[in-house]
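Student: Just passing along the structure, written as structure tokens.
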Amino acid sequence: MNNLYFVFSCLGLAGGLLCATGDILFDLKGRGNQKLGTSKNIDSNWTKMADWRFGWSIALALIGDALVCLGFYSLGMQIAAVRPVLGYLTLGFGYFGSFAGILIHSLCCLQALIYKGAMKRGSLEIADDILEKIYKQVAVPFITGYISLLAPTVTVIIAIVEGVLDVPKICVILNPLVFLIFGITCRKINPVKFQDLPGIIMPSLGLGMFGLIGMLNLL
């Protein structure tokens, strides 16, 4: 069984890397990008990006999040062997967060395609009106999905601190929240140099780290 868990953890790490690649296809917008619209959820450089990037980004997120789920299964079951409640919470919230991630990423990519189409035959006002209506309807699932990923972050940190997982304590920093804070900090330090990278890929890399933690615990 440990061999299977190790394979699943490796796939979880690979899934995080695939999601990060999908993030680059969707979110690497280049210089000169401006936030537009009522909620500032429109990127002006979407019009310069090829349509195929958004389709491939969705595909990579779908495959990547599926693999991340395997990583969560492995890590959750490893924790559950010692602390059942903590392990199953990790597994459940990890699954939910991964599914929410697919929804969020897909809708963001579709927003970009809708904006491109609207701008060809309309105006920014029309595009903003359409996307604002979509944004208002999906705001709650968006927020819920992001929050749900905090739960496995907390449970894994608890498992590491309490010695449930036999990994170095420094592994408490290997999670989406810490990686996200690092990306935001880089952007604050130099908004021009770090406009896109590494910030856009940090949460996905953080998800992959749960797979790495599962691998380390089995070594």
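Student: How about region 178-199: which of its residues are open to solvent by less than 20 Å² (accessible area, probe 1.4 Å) and in contact (Cβ under 8 Å) with a residue 40 or more places away in the chain?
Tutor: 196 - this is the single residue of region 178-199 that is open to solvent by less than 20 Å² (accessible area, probe 1.4 Å) and in contact (Cβ under 8 Å) with a residue 40 or more places away in the chain.
Student: Under 9 Å by Cβ, and 6 or more places apart or on different chains, what pairs join a residue from region 119-131 that is under 10 Å from residue 37 (Cβ atoms) with one that is open to solvent by less than 60 Å² (accessible area, probe 1.4 Å) and charged (D, E, K, R)?
Tutor: Every condition considered, the pairs that remain are 127/116.
Student: Within region 136-162, how many residues are under 21 Å from the mean Cα position of the chain (by Cα), surrounded by 13 or more Cβ atoms within 10 Å (Cβ to Cβ), of a type in the set (A, V, I, L, M, F, W, C) and in a helix (DSSP H, G or I)?
Tutor: Number of matching residues: 7.
Student: Looking at residue 86, is it farther than 22 Å from residue 15 by Cα, at pLDDT 90 or above and not basic (Lys, Arg)?
Tutor: Yes: the conditions hold for residue 86.
Student: Another question, then. May I ask you to list the residues in region 119-135 that are open to solvent by 40 Å² or more (accessible area, probe 1.4 Å) and charged (D, E, K, R)?
Tutor: Correct list: 120, 121, 125, 129, 133.
Student: Sticking with this one: When you scan region 117-127, do you find a residue that is assigned to a helix (DSSP H, G or I), over 30 Å from residue 217 (Cα atoms) and touching a strand residue (DSSP E or B) at 6+ places or on another chain (Cβ under 9 Å), even just one?
Tutor: Yes; the residues of region 117-127 include at least one that is assigned to a helix (DSSP H, G or I), over 30 Å from residue 217 (Cα atoms) and touching a strand residue (DSSP E or B) at 6+ places or on another chain (Cβ under 9 Å).
Student: Testing residue 211 on (1) over 18 Å from the mean Cα position of the chain (by Cα); (2) farther than 18 Å from residue 83 by Cβ; (3) open to solvent by less than 50 Å² (accessible area, probe 1.4 Å); (4) not aliphatic (A, V, I, L, M), one condition comes back false. Which one is that?
Tutor: (1)
The values are calculated or read from the model by the stated rules, or taken from the named source; none is laboratory data. Note that the structure is predicted; figures quoted are calculated from it, not measured. Please note: Cβ atoms are built from the backbone with ideal geometry, for glycine as well, and neighbour counts cover all protein chains shown. Each accessible area value is taken on the protein alone, full model and side chains, heavy atoms only, with ligands, DNA and RNA left out. Shrake-Rupley method; radii C 1.70, N 1.55, O 1.52, S 1.80 Å.
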